[in-house]
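All remarks here apply to the structure that follows.
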Amino acid sequence: RGHTKGVGSVEFRPDGNRLASAAGEYREPGEVKVWDATTGQEMLTLRGHTMSVVSVGFSPDGKRLVSADWGGTVKFWDAMSGQETLTLKGLTGWMNGVAFSPDGKRLASANANTTVTVWDAMSDPEALTLKGHTDVVGSVAFSADGERLASASADQTVKVWYPTSDQEILTLKGHTSNVCSVAFSPDSKWLASASDDQTVRVWDAVSGQEKLTLKGHTHPVTTVVFSPDGKRLAAASGGPGVDSGEVKVWDAASGEERLTLKGHTRGIDCVAFSP
């Protein structure tokens, strides 16, 4: 506890020792907090955003922290001292999520203006804009080998791109509503997507063929993530007006449901495994 506004994003540092969380409300200044993941002690509070912070993430080496807000601004911070090191601007509209490439040199953002932006994470200039979605992009994820980038959109599709060009590789269709979240398996072979249609779908990340459709949630599924060993999938449900969110955990190979975690009194926006 400690945030005074809704918490929309959480992520562990790669060593598992710290946890970052982002909070805010639409047109009010947001903040990021960094916690000791073992004791729960608050270590840092990072302020400087002028709008709600919607996404937070650690660089692969754990030395930097990135945060994105509704105003289309991205800030980089020293993950230990909390000092702001870089600010990226230039988008018209808000961002819904950001993700580092595995080598930490690039940053992808999911944008409300239907695009995906790939930024140089070491300097200021915008690197690349990926166009093809026809509605808001809600989530982005790099494959573990860094060779592909996936995006999820309210146009009910998932797209896979080459992150060093504007070339689209695949468009995955099957969801019947807004696709909220996308995640690659650790071996880069599979891609999972979560949707307002209350399902999680697992796809072959090379061919685009659908492997599994996971059902059981009774509210929109807001986020999905693979466990670090790739054997499990966790997905959370929620959304505006939902009075009880839950997390379900499945076997990633068979689709068998293993756990249902209940206790939250509102919809859940984000879920993360420790390393």
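Could you please give the count of residues in the stretch 213-245 that are open to solvent by 30 Å² or more (accessible area, probe 1.4 Å) and of a type outside the set (Ser, Thr, Tyr)?
Looking only at that region, the number is 12.
If you check 88, 46, which single one turns out to be under 17 Å from residue 117 (Cβ atoms), more than 18 Å from the chain's Cα centre (by Cα) and buried (at least 22 other Cβ atoms within 10 Å of the Cβ)? Walk me through how you get there before you give the answer.
Values: 46 fails: under 17 Å from residue 117 (Cβ atoms).
None of the others qualify; the one that does is 88.
Hey, any hits in the stretch 171-180 for a residue that's under 20 Å from residue 57 (Cβ atoms) and either surrounded by 14 or more Cβ atoms within 10 Å (Cβ to Cβ) or modelled with pLDDT under 90 (or both)? So that I can check it myself, show each step before the final result.
First, pick out the residues of the stretch 171-180 that are under 20 Å from residue 57 (Cβ atoms): 179-180.
Applying the additional criterion that residues be either surrounded by 14 or more Cβ atoms within 10 Å (Cβ to Cβ) or modelled with pLDDT under 90 (or both) yields 179-180.
Within the stretch 171-180, one or more residues are under 20 Å from residue 57 (Cβ atoms) and either surrounded by 14 or more Cβ atoms within 10 Å (Cβ to Cβ) or modelled with pLDDT under 90 (or both).
Taking the options 18, 64, 13, name whichever one is modelled with pLDDT of 90 or more, of a type in the set (Lys, Arg) and open to solvent by 40 Å² or more (accessible area, probe 1.4 Å). Break it down stepwise before answering.
On the way: 18 fails: open to solvent by 40 Å² or more (accessible area, probe 1.4 Å); 13 fails: open to solvent by 40 Å² or more (accessible area, probe 1.4 Å).
So the residue among 18, 64, 13 that is modelled with pLDDT of 90 or more, of a type in the set (Lys, Arg) and open to solvent by 40 Å² or more (accessible area, probe 1.4 Å) is 64.
So for the stretch 115-129 (the condition being in a loop (DSSP other than H, G, I, E, B), more than 16 Å from residue 72 (Cβ to Cβ) and open to solvent by less than 60 Å² (accessible area, probe 1.4 Å)), does at least one residue qualify?
Kept after step one, since they are in a loop (DSSP other than H, G, I, E, B), are these residues of the stretch 115-129: 115, 121-125.
Narrowing further to those that are more than 16 Å from residue 72 (Cβ to Cβ): 121-123.
With open to solvent by less than 60 Å² (accessible area, probe 1.4 Å) added as a condition, the list becomes 121, 123.
Within the stretch 115-129, one or more residues are in a loop (DSSP other than H, G, I, E, B), more than 16 Å from residue 72 (Cβ to Cβ) and open to solvent by less than 60 Å² (accessible area, probe 1.4 Å).
Condition first: free of Cβ contacts under 8 Å to residues at least 24 places away in the same chain and farther than 21 Å from residue 21 by Cβ. Can you find one or more residues in the stretch 219-230 that meet it?
Going through the stretch 219-230, the residues free of Cβ contacts under 8 Å to residues at least 24 places away in the same chain turn out to be none.
No, the stretch 219-230 contains no residue that is free of Cβ contacts under 8 Å to residues at least 24 places away in the same chain and farther than 21 Å from residue 21 by Cβ.
Against the condition in contact (Cβ under 8 Å) with a residue 40 or more places away in the chain and open to solvent by 40 Å² or more (accessible area, probe 1.4 Å), how does residue 144 come out, does it pass?
Values: in contact (Cβ under 8 Å) with a residue 40 or more places away in the chain: yes; open to solvent by 40 Å² or more (accessible area, probe 1.4 Å): yes.
In short, yes.
Please verify whether residue 119 is touching a strand residue (DSSP E or B) at 6+ places or on another chain (Cβ under 6 Å) and in contact (Cβ under 8 Å) with a residue 40 or more places away in the chain, treating the condition exactly as stated. Give the derivation first.
Numbers: touching a strand residue (DSSP E or B) at 6+ places or on another chain (Cβ under 6 Å): yes; in contact (Cβ under 8 Å) with a residue 40 or more places away in the chain: yes.
It is true that residue 119 is touching a strand residue (DSSP E or B) at 6+ places or on another chain (Cβ under 6 Å) and in contact (Cβ under 8 Å) with a residue 40 or more places away in the chain.
For the stretch 19-55, enumerate the residues that are part of a strand (DSSP E or B), more than 20 Å from residue 223 (Cβ to Cβ) and of a type in the set (Lys, Arg).
Correct list: 47 only.
Among (1) within 27 Å of residue 70 (Cα to Cα); (2) in contact with a His (Cβ under 7 Å, 6 or more places away or on another chain); (3) open to solvent by 10 Å² or more (accessible area, probe 1.4 Å), where does residue 201 come up short?
Going through (1) within 27 Å of residue 70 (Cα to Cα); (2) in contact with a His (Cβ under 7 Å, 6 or more places away or on another chain); (3) open to solvent by 10 Å² or more (accessible area, probe 1.4 Å) one by one, residue 201 breaks only (1).
The values are calculated or read from the model by the stated rules, or taken from the named source; none is laboratory data. This structure is a prediction, so every number in the text was calculated from the model and none was measured. When we count neighbours, we look across all protein chains shown, and the Cβ atoms used for this are built from the backbone with ideal geometry, even at glycine. Heavy atoms of the whole protein, side chains included, go into the accessibility calculation; ligands, DNA and RNA do not. Shrake-Rupley method; radii C 1.70, N 1.55, O 1.52, S 1.80 Å.
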